[in-house]
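Chemist: Could you have a look at this structure, given as structure tokens, before my questions?
The values are calculated or read from the model by the stated rules, or taken from the named source; none is laboratory data. Not measured: the values here are computed from a predicted model. Every residue, glycine as well, gets a Cβ built from its backbone with ideal geometry; the counts of neighbours run over all protein chains shown.
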Amino acid sequence: MRQKMVAGNWKMNGTTNSARELISGIKAGLDGPSAEVVVCPPFVYIPTVATEIAGSAIKLAAQNMCDKDVGAFTGEISGPMLKDSGCEYVILAHSERRAMFGETDEVAARKYAAALNNNLKPIFCIGETLGEREQDITEDVIARQIDAIINAEGVASLANAVIAYEPVWAIGTGKTATPDQAQNVHAFIRQRVANLDAGIAESLRILYGGSMNPGNAADLIAQPDIDGGLIGGASLKADDFLAIINAAG
Ligand code: PGA
């Protein structure tokens, strides 16, 4: 039985005060959740959030990391630093990183390897653009993106990772994939992994991301291969985030 996960990707939003307020709002409303709850603040707020969540069920993730562990890489943040700061997870290969910061499949695979080497669990993002969906090549894109990490690190590495399917056309647009559309891609992902290792596929958590909100979360998460959500906009309001956590379980 896969434990559901609800992860809040705060992206580049907030202040020290708003981060504190958001965490205290989430903590106040958490009612022994059956889902695993993760927050992903900007790097500079990780220490503040780590302090605020101490003793709660909330876990900490970063939104990105460097593929190198230490050295002359101005402006970068390494896996050992994230581990040292209390992170258990790290979002990798988010479509915003792929589209705006030049992260190729190859870079994404290097970061995936570095995260695992540092005992950080990747929340590895994959997803097609609107153009790719319209050309009917969604499965080709998804296959290429997942194969990039399987070919580099082996299918067994997915035992320590989470996949987030985020159709790019649904991120921050208010347009959500229908439960059927999302389920089809999630099932495709699980089957692709199952072709290599049925046991890993069965235990692999595959989150949906892209305009998930309190109104659509329950129907999406009710699908057999959707194991929770990676939430952007709706994770910035404690009430909305809590409603999604409750919808998960
Ligand atoms: P959204 O973002 O919920 O605002 O669409 C999701 C994400 O990018 O992780």
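Chemist: Evaluate region 168-181: report whether one residue or more is surrounded by fewer than 16 Cβ atoms within 10 Å (Cβ to Cβ), charged (D, E, K, R) and farther than 28 Å from Ala62 by Cβ.
Modeler: Checked against the condition, which is being surrounded by fewer than 16 Cβ atoms within 10 Å (Cβ to Cβ), charged (D, E, K, R) and farther than 28 Å from Ala62 by Cβ, region 168-181 yields at least one hit.
Chemist: Something else: What are the residues in region 66-107 that are within 16 Å of the ligand (Cβ to nearest atom), touching a residue at least 40 places away in the same chain (Cβ under 8 Å) and part of a loop (DSSP other than H, G, I, E, B), if any?
Modeler: Just the residues of region 66-107 that are within 16 Å of the ligand (Cβ to nearest atom), to begin with: 89-101, 103.
The next check asks that each one be touching a residue at least 40 places away in the same chain (Cβ under 8 Å); those that pass are 89, 91, 93-96, 99.
If the condition is that a residue be within 16 Å of the ligand (Cβ to nearest atom), touching a residue at least 40 places away in the same chain (Cβ under 8 Å) and part of a loop (DSSP other than H, G, I, E, B), then Ala93, His94 are the ones that fit.
Chemist: Scan region 207-224 for residues that are more than 14 Å from the ligand (Cβ to nearest atom) and either in contact with a Leu (Cβ under 8 Å, 6 or more places away or on another chain) or charged (D, E, K, R) (or both) and jot them down.
Modeler: Of everything in region 207-224, just one residue is more than 14 Å from the ligand (Cβ to nearest atom) and either in contact with a Leu (Cβ under 8 Å, 6 or more places away or on another chain) or charged (D, E, K, R) (or both), namely Asp219.
Chemist: Next question, about the same structure. Of the residues Leu242, Leu204, Leu230, Leu196, which single one is within 15 Å of the chain's Cα centre (by Cα) and more than 14 Å from the ligand (Cβ to nearest atom)?
Modeler: Within the list Leu242, Leu204, Leu230, Leu196, the selection yields Leu204.
Chemist: Looking only at residues in region 36-52 that are hydrophobic (A, V, I, L, M, F, W, C) and either closer than 30 Å to Glu202 by Cβ or at pLDDT below 95 (or both), which one is nearest to the ligand (Cβ to nearest atom)?
Modeler: Residues of region 36-52 hydrophobic (A, V, I, L, M, F, W, C): 37-40, 43-44, 46, 49-50.
Checking which are either closer than 30 Å to Glu202 by Cβ or at pLDDT below 95 (or both) leaves us with 37-40.
Working: Val37: 15, Val38: 12, Val39: 12, Cys40: 9 Å.
Within region 36-52, the match that is nearest to the ligand (Cβ to nearest atom) is Cys40.
Chemist: Can you work out which of the residues in region 153-187 that are farther than 16 Å from Cys125 by Cβ and of a type in the set (A, V, I, L, M, F, W, C) is nearest to the ligand (Cβ to nearest atom)?
Modeler: Checking each candidate, the answer is Ala187.
Chemist: Out of all the residues in region 27-47, is one or more touching a Pro at 6+ places or on another chain (Cβ under 9 Å) and surrounded by 13 or more Cβ atoms within 10 Å (Cβ to Cβ)? Can you show your working first?
Modeler: Our first condition is that a residue be touching a Pro at 6+ places or on another chain (Cβ under 9 Å); within region 27-47, this holds for none.
No, because not a single residue in region 27-47 is touching a Pro at 6+ places or on another chain (Cβ under 9 Å) and surrounded by 13 or more Cβ atoms within 10 Å (Cβ to Cβ).
Chemist: Mind listing just one residue for me: the one in region 1-26 that is within 21 Å of the chain's Cα centre (by Cα) and among the polar types (S, T, N, Q) and, of those, surrounded by the fewest Cβ atoms within 10 Å (Cβ to Cβ)?
Modeler: Going residue by residue through region 1-26, those that are within 21 Å of the chain's Cα centre (by Cα) are 1-14, 19, 22-23, 26.
Now narrow it down to the ones that are among the polar types (S, T, N, Q): 3, 9, 13.
Values: Gln3: 13, Asn9: 27, Asn13: 16.
The qualifying residue surrounded by the fewest Cβ atoms within 10 Å (Cβ to Cβ) is Gln3.
Chemist: Yes or no: region 17-35 includes at least one residue that is closer than 19 Å to Lys111 by Cβ and modelled with pLDDT of 95 or more. Write out each step before concluding.
Modeler: Within region 17-35, the first condition is being closer than 19 Å to Lys111 by Cβ, and the residues that meet it are none.
Within region 17-35, not a single residue is closer than 19 Å to Lys111 by Cβ and modelled with pLDDT of 95 or more.
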